[in-house]
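Here the structure is laid out as structure tokens; the discussion comes afterwards.
The values are calculated or read from the model by the stated rules, or taken from the named source; none is laboratory data. Quick caveat: nothing in here was measured; it's all calculated off a predicted structure. Cβ coordinates were reconstructed from backbone atoms using ideal geometry, including for glycine residues, and neighbour counts include every protein chain displayed. Only protein heavy atoms, including side chains, enter the accessible area calculation; ligands, DNA and RNA are left aside. Shrake-Rupley method; radii C 1.70, N 1.55, O 1.52, S 1.80 Å.
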Amino acid sequence: MDNQIPDINTTPTKKIGRYLITAALPYANGLKHIGHLAGAYLPADIYVRYLKAQKRDVVFVCGSDEHGTAIPIQAMKEGTTAQAIIDKYHPIVAQNFADLGIEFDIYHRTSSPLHHETAQAFFTELNNKGHLEVKTTEQYFDESKATFLADRYIKGTCPVCGNADAYGDQCEKCGSTLSPDMLINPVSTLSGNAPIKKETQHWYLPLNRHEAFLREWILTQHKQDWRTSVVGQCKSWIDGGLQPRAVTRDLDWGIKLPDSTPGINANDQQKVLYVWFDAPIGYISATKQWAADHQKDWKPYWYAPDTKLVHFVGKDNIVFHCIIFPVMLQLHGNILPENVPANEFMNLEGDKMSTSKGWSIEMEDYINDWVKPENGGESMADVLRYYLTQIAPETKDSEFTWKGFQEANNSELVNIFGNYINRTFVLMHKLCKGKVPPLHATLVDATDHQLVAEIKAAAIKIESLLEAYKFREALFEVIDIARKGNKYMQDKQPWMVAKNAVIDGQLTPEGQQQIDNCLHLCLQLAANLAIFIHPFLPFTAGKLCKMMKVVPKMLEWENAGRIDLLKVGYSLREPQLLFRKIENEEINYQLEKLKAKAQSATTTIMESTQEAAQATQDEVAIAPVSPEIVFDDFAKIDLRIGTIVAAQKVPKADKLLQLSVDLGFETRTIVSGIAQHFAPEAIIGKQVTVVVNLAPRKMRGIESNGMILMAEDSEGKLHFVHPSTAINNGAGVK
RNA sequence: GGCGAGGUAGCUCAGUUGGUUAGAGCAUCGGAUUCAUAACCCGAAGGUCGGGAGUUCAAAUCUCCUCCUCGCUACCA
């Protein structure tokens with residue numbers, strides 16, 4: 001081939017390297033939405049596909065996280081067993097990922113025997129080396145069931161908002177983070193009985209011992225190459241003071257402590273590893289399983305210093321993957337992560353995504369609506385991958401809108417990328433007889449050289465952006481080179497040459513040569529586009545390979561930037577459209593559907609709240625009326641009517657108001673957690689009901705002498721309890 | 001309240017160590033073209049860089065104050 005343009009391999013130094021890539025283990029208690037996808041799985045998949053195209057030694061592990069209390073909780077909700085829950089969601093989520101082209105080397109599960117053994121051995125190793133501490137504490141215990149109660153198994157009244165169905169770890173109504181001790185009238189959800197306090201011993205990971213190591217490793221060594229938000233978050237945690245963290249807990253769903261654990265006794269029969277401890281070890285057990293399946297050795301991936309371990313997670317997982325798990329790995333003798341490119345959150349149409357509120361698009365929803373043959377099939381999976389990457393929350397929270405989705409598809413994938421491919425193929429069939437035309441050296445001009453230079457530059461740029469985890473920008477460069485292809489073609493106008501360079505109804509030889517050169521380069525660019533787009537849109541790359549009749553091996557990155565990928569004279573297939581337009585009606589339908597889903601979810605939440613309220617009346621098990629008291633007990637409480645005469649915010653507290661209440665006989669200072677419900681100036685002069693003989697208590701340094709009674713409505717808003725007409729301050733309430 | 005990350009054209013984002021009229025893509029408008037999924041190409045318009053003060057010959061970029069969003073955290077009898 002007489003080709004004047006030098007063909008420089010853009011990747012001269014062949015990098016070999018061993019990579020272990022992980023994506024956060026999805027919790028197997030339900031479906032996962034596109035925010036999860038954009039946060040961890042999609043960027044991980046793009047990175048892995050790129051690494052594999054570079055022929056590097058890489059394993060991509062993920063799997064279901066199947067322990068922890070939320071699994072049996074979900075089982076209670078669905079009226080089934082914990083095992084049934086994980087058996088239900090594991091395959092569904094795995095299939096959803098596969099349908100969207102997320103290609104794990106292994107999608108394992110933490111309920112597997114191999115994982116149990118691995119996690120137990122990990123625990124034993126740390127314990128034997130003296131890296132864990134044992135402490136005895138008091139925890140809630142259900143006597144009738146003879147079991148300690150996990151936070152989630154305790155319900156009671158939320159001290160913040162008064163919700164009667166708050167859990168021991170969190171109130172779902174007001175979102176407050178709680179501990180079981182904070183609940184008013186705690187009740188075991190297993191028996192309905194009030195739990196007692198009982199001593200129990202637990203193993204702790206003393207993170208506080210490792211502060212110096214973490215400071216050096218993260219804040220110094222990785223200050224530059226990790227994302228600022230990740231380093232900042234870690235700094236915040238470390239500066240806040242690291243505390244020992246319980247590794248074990250009393251629960252019957254999880255990985256049992258090894259029988260050989262020194263100090264374990266009969267009372268510890270129900271001790272399991274805390275889910276946060278066993279879950280990340282799931283990456284290791286998944287690697288082991290993958291290695292066993294492929295006759296490989298798993299150890300280098302977790303022990304060899306030249307292995308690059310990269311964790312892809314959402315920002316809610318930063319602390320586990322940057323602080324806790326690295327401490328575990330270091331103590332256990334493993335390698336540390338090279339990077340944790342955590343993404344921020346993705347909102348949806350102006351609001352936070354929330355499965356429980358129905359304000360989300362589950363991967364399954366998208367697959368059902370779009371990824372089917374009559375709607376576009378696999379290429380629609382690529383469209384989602386495209387838009388989610390384009391708006392990936394790499395540096396700050398971002399927002400998914402259906403309108404944006406439509407525009408990204410129509411004006412970039414269809415109009416720029418798809419159209420470039422299509423017009424190239426159509427012209428090649430019209431003007432070059434369906435074959436790759438030769439490049440005529442004598443006619444190669446500056447425009448041609450520039451295009452070739454741009455292709456090579458794009459290869460280098462995309463590569464370096466991918467290496468730096470800048471997927472959004474890398475994808476932009478891919479579209480941009482397609483844009484340059486369009487421009488090149490417009491400059492060359494081969495269709496005009498075909499019309500004008502004609503003598504006696506015959507195209508002149510030079511005219512044909514000009515056309516040949518243009519389309520030769522356009523086709524070589526098309527081949528490059530297949531390579532470039534492959535990590536992002538694998539299905540589209542596959543389609544392109546078919547059209548060009550090349551094997552997937554062409555997609556290897558060493559071919560990026562080459563302009564001899566398609567052989568002269570090779571006949572290519574008829575073009576098929578890569579993407580289709582998305583119409584307004586489809587977008588409107590999705591918007592309506594989202595609103596309807598949110599509406600029905602709200603209704604469901606309200607219904608279940610009402611049901612719970614109803615159940616409170618007749619079924620003690622869920623939220624019983626407090627134990628009966630006699631009149632004398634009630635008489636101990638001295639309730640009085642008072643008037644708020646002054647109110648101000650308590651400094652350094654978001655929820656507290658400091659009130660002065662005139663009780664007739666005296667004016668008292670009372671601190672109340674109502675600052676988020678009332679403006680101080682708006683409540684002056686209001687009459688309220690006060691518990692006046694409650695023991696004083698200091699809050700934020702201010703002594704509170706009493707308690708204001710509040711009623712809470714169905715939306716969680718607080719209202720004062722006061723007499724229907726104003727009466728004298730100090731009046732008793734009976 | 002403390003800490004962390006953000007706040008730059010309608011939208012999504014770039015802006016390295018402070019330096020000429022603040023950039024890109026999409027959307028919008030105008031023009032040209034017709035090979036291509038009524039697509040493509042060229043051009044224009046559009047921002048007091050959250051607000052205020054300061055340092056400087058010069059600030060989106062440095063300092064201080066302040067407002068807003070998100071996350072973590074404290075407060076909740």
Identify the single condition in (1) touching a Phe, Trp or Tyr at 6+ places or on another chain (Cβ under 6 Å); (2) surrounded by fewer than 18 Cβ atoms within 10 Å (Cβ to Cβ) that A:ALA482 does not satisfy, given that it satisfies every other one. (2)
Can you tell me which of A:MET363, A:MET428, A:MET328 is within 30 Å of A:LEU219 (Cβ to Cβ) and out of contact with any Ser or Thr (no Cβ under 8 Å at 6 or more places or on another chain)? A:MET328
Looking at (1) open to solvent by less than 60 Å² (accessible area, probe 1.4 Å); (2) in the same structural domain as A:LEU439 (by TED's automatic domain parsing); (3) farther than 27 Å from A:ILE460 by Cβ, can you tell me which one A:LYS546 breaks? (1)
State whether one or more residues within segment A:549-561 are in contact with a helix residue (DSSP H, G or I) (Cβ under 8 Å, 6 or more places away or on another chain) and free of Cβ contacts under 8 Å to residues at least 12 places away in the same chain. yes
Hey, A:GLY263 hits all of (1) at pLDDT below 95; (2) open to solvent by 10 Å² or more (accessible area, probe 1.4 Å); (3) at negative phi but one; which does it fall short on? (3)
Flag for A:ILE421 being open to solvent by 20 Å² or more (accessible area, probe 1.4 Å), within 9 Å of RNA strand B (Cβ to nearest atom) and either touching a residue at least 60 places away in the same chain (Cβ under 8 Å) or of a type outside the set (A, V, I, L, M) (or both): no
For A:ILE683, only one of the following conditions fails: (1) at pLDDT 85 or above; (2) open to solvent by less than 40 Å² (accessible area, probe 1.4 Å); (3) of a type in the set (Val, Ile, Thr). What is its number? (1)
Within segment A:52-80, can you find the residues that are small (Gly, Ala, Ser) and under 23 Å from A:GLN95 (Cβ atoms)? A:GLY63, A:SER64, A:GLY68, A:ALA70, A:ALA75
List the helices (runs of 4 or more DSSP H) that sit entirely inside segment A:491-567 and contain at least 1 residues that are closer than 25 Å to A:GLU412 by Cβ and more than 15 Å from RNA strand B (Cβ to nearest atom). A:509-533, A:538-548
Conditions first: (1) within 17 Å of A:LEU591 (Cβ to Cβ); (2) open to solvent by 20 Å² or more (accessible area, probe 1.4 Å). A:SER356 passes all but one, so which condition is the exception? (1)
For segment A:194-221, give me the residue count where each residue is farther than 18 Å from A:ALA246 by Cβ and either surrounded by fewer than 20 Cβ atoms within 10 Å (Cβ to Cβ) or without any contact (Cβ under 8 Å) to a residue 40 or more places away in the chain (or both). 11
Report yes if some residue within segment A:673-684 is outside the structural domain of A:THR157 (by TED's automatic domain parsing), within 12 Å of RNA strand B (Cβ to nearest atom) and under 19 Å from A:ILE637 (Cβ atoms); otherwise report no. no
Given the condition within 16 Å of RNA strand B (Cβ to nearest atom), in the same structural domain as A:TYR140 (by TED's automatic domain parsing), assigned to a loop (DSSP other than H, G, I, E, B) and open to solvent by 50 Å² or more (accessible area, probe 1.4 Å), answer yes or no: does some residue in segment A:238-248 qualify? yes
Having 3 or more residues that are over 21 Å from A:ARG209 (Cα atoms) is the bar; report the helices (runs of 4 or more DSSP H) wholly within segment A:271-345 that clear it. A:275-293, A:299-303
Could you tell me whether A:THR124 is of a type outside the set (A, V, I, L, M), on the phi < 0 side of the Ramachandran plot and assigned by TED's automatic domain parsing to the domain that holds A:ASP252? no
Assuming A:VAL436 fulfils every condition listed in (1) in contact (Cβ under 8 Å) with a residue 12 or more places away in the chain; (2) under 30 Å from A:ALA392 (Cα atoms) apart from one, which condition is it? (2)
Has segment A:258-268 got any residue that is in contact (Cβ under 8 Å) with a residue 24 or more places away in the chain, assigned to a loop (DSSP other than H, G, I, E, B) and under 30 Å from A:VAL340 (Cβ atoms)? yes
Tell me yes or no: at least one residue of segment A:186-193 is open to solvent by less than 10 Å² (accessible area, probe 1.4 Å) and closer than 22 Å to A:PRO341 by Cβ. no
Looking at segment A:643-666, which of the residues that are more than 14 Å from RNA strand B (Cβ to nearest atom) and touching a residue at least 24 places away in the same chain (Cβ under 8 Å) is surrounded by the fewest Cβ atoms within 10 Å (Cβ to Cβ)? A:PHE665
Which of (1) in contact with a Phe, Trp or Tyr (Cβ under 8 Å, 6 or more places away or on another chain); (2) within 10 Å of RNA strand B (Cβ to nearest atom) is the odd one out, the single condition A:LEU388 does not satisfy? (2)
Based on what the data block shows, is A:GLY505 over 28 Å from A:ALA53 (Cβ atoms), open to solvent by 10 Å² or more (accessible area, probe 1.4 Å), assigned by TED's automatic domain parsing to the domain that holds A:HIS534 and not basic (Lys, Arg)? yes
Set A:LEU443, A:LEU451: member being of a type outside the set (Gly, Ala, Ser), open to solvent by less than 10 Å² (accessible area, probe 1.4 Å), more than 30 Å from A:LEU42 (Cα to Cα) and more than 10 Å from RNA strand B (Cβ to nearest atom): A:LEU451
Would you mind finding the one in A:VAL59, A:VAL48 that is at pLDDT 90 or above, among the aliphatic types (A, V, I, L, M) and under 18 Å from A:GLU556 (Cβ atoms)? A:VAL48
Kindly check whether there is at least one residue in segment A:331-340 that is over 17 Å from the mean Cα position of the chain (by Cα), within 14 Å of RNA strand B (Cβ to nearest atom) and not assigned by TED's automatic domain parsing to the domain that holds A:PHE405. no
Give me the residue from segment A:395-418 that is part of a helix (DSSP H, G or I) and open to solvent by 60 Å² or more (accessible area, probe 1.4 Å) and, out of that set, nearest to RNA strand B (Cβ to nearest atom). A:ASN415
Test set (1) outside the structural domain of A:THR725 (by TED's automatic domain parsing); (2) under 28 Å from A:ALA731 (Cβ atoms); (3) modelled with pLDDT of 85 or more - A:VAL625 fails condition number: (3)
